[in-house]
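*Asks:* First the structure, then my questions, so here it is.
The values are calculated or read from the model by the stated rules, or taken from the named source; none is laboratory data. What you see is a predicted model; the values in this text were computed from it and never measured. A quick note on method: Cβ atoms are made from the backbone with ideal geometry, for glycine too, and the neighbour counts reach across all protein chains shown. Accessible surface is based on the protein model in full, side chains and every heavy atom, while ligands, DNA and RNA are left aside. Shrake-Rupley method; radii C 1.70, N 1.55, O 1.52, S 1.80 Å.
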Amino acid sequence: QVHLVESGGGLVRPGGSLRLSCAASGSIFSIAIMDWYRQAPGKEREWVARIGSDGRTYYIDSVKGRFTISRDNAKNTVYLEMSSLTPEDTAVYYCYADGTWWGQGTQVTVSS
C-alpha cells in the first residue's frame, strides 16, 4: 500500500502563494503518476495537475501559468506551487498516486 500525507495548506490573501507537499510512504516503487485534485465547497472533486515519472506535467486550464507541479524523488515528495491565488482556488487539495491512493487532503483558503 501507499500512504500519502499532504501539508502546506492554510489561509492566504488573494494574489498570494502557497506550496503544498505530498509525502509518500509504503510501496512507493510502483508510483509512476502523481496527481493533485481539489474539491471546493459544494462542488465535485476536480483534477488540477499531473506529473509523470518522466517529469512531464499537465494542468487544468484554469491553473496554467499559476500552478507548478514537481517531484523530488529523493524525498518521495510531490509539490504543488501555487501563485496568483484567487478565492476560486479555495478548496481541499488532495494528492493521488497512480489512480489508486488518496491523501487525506489539506485545506487552502484564499480570502482577505
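*Asks:* Only one of Thr77, Thr109, Thr90, Thr100 is among the β-branched types (Val, Ile, Thr), touching a strand residue (DSSP E or B) at 6+ places or on another chain (Cβ under 6 Å) and in contact (Cβ under 8 Å) with a residue 60 or more places away in the chain; which?
*Replies:* After applying the criteria, what remains is Thr109.
*Asks:* Also: Quick check on Gln1: is it at pLDDT below 95 and open to solvent by 40 Å² or more (accessible area, probe 1.4 Å)?
*Replies:* yes
*Asks:* Listed residues Tyr79, Tyr58; which is open to solvent by 60 Å² or more (accessible area, probe 1.4 Å), assigned to a strand (DSSP E or B) and hydroxyl-bearing (Ser, Thr, Tyr)?
*Replies:* None of the other options fit; the residue is Tyr58.
*Asks:* Within the set of pairs 6 or more residues apart or between chains, which connect a residue that is closer than 14 Å to Trp36 by Cα inside the range 53-68 to a residue that is in a helix (DSSP H, G or I) with Cβ atoms less than 8 Å apart?
*Replies:* Ser62/Glu88; Val63/Asp89
*Asks:* Something else now. Of the numbered conditions (1) part of a loop (DSSP other than H, G, I, E, B); (2) among the hydrophobic types (A, V, I, L, M, F, W, C); (3) under 19 Å from Gln107 (Cβ atoms), Ala49 fails exactly one; give the number of that condition.
*Replies:* It is condition (1) that Ala49 fails.
*Asks:* Cβ-Cβ below 6 Å, separation at least six or inter-chain, first residue in the range 13-27 and under 30 Å from Ser112 (Cα atoms), second part of a loop (DSSP other than H, G, I, E, B): which pairs?
*Replies:* Cβ pairs passing all conditions: Arg13/Ser112; Pro14/Thr86; Gly16/Leu85; Ser17/Ser83; Arg19/Gly8; Leu20/Gly8; Ser21/Gly8; Cys22/Gly103.
*Asks:* Which residues, counting only those in the range 65-74, are surrounded by 11 or more Cβ atoms within 10 Å (Cβ to Cβ) and more than 19 Å from Gly105 (Cα to Cα)?
*Replies:* Arg66, Asp72, Asn73 - these are the residues of the range 65-74 that are surrounded by 11 or more Cβ atoms within 10 Å (Cβ to Cβ) and more than 19 Å from Gly105 (Cα to Cα).
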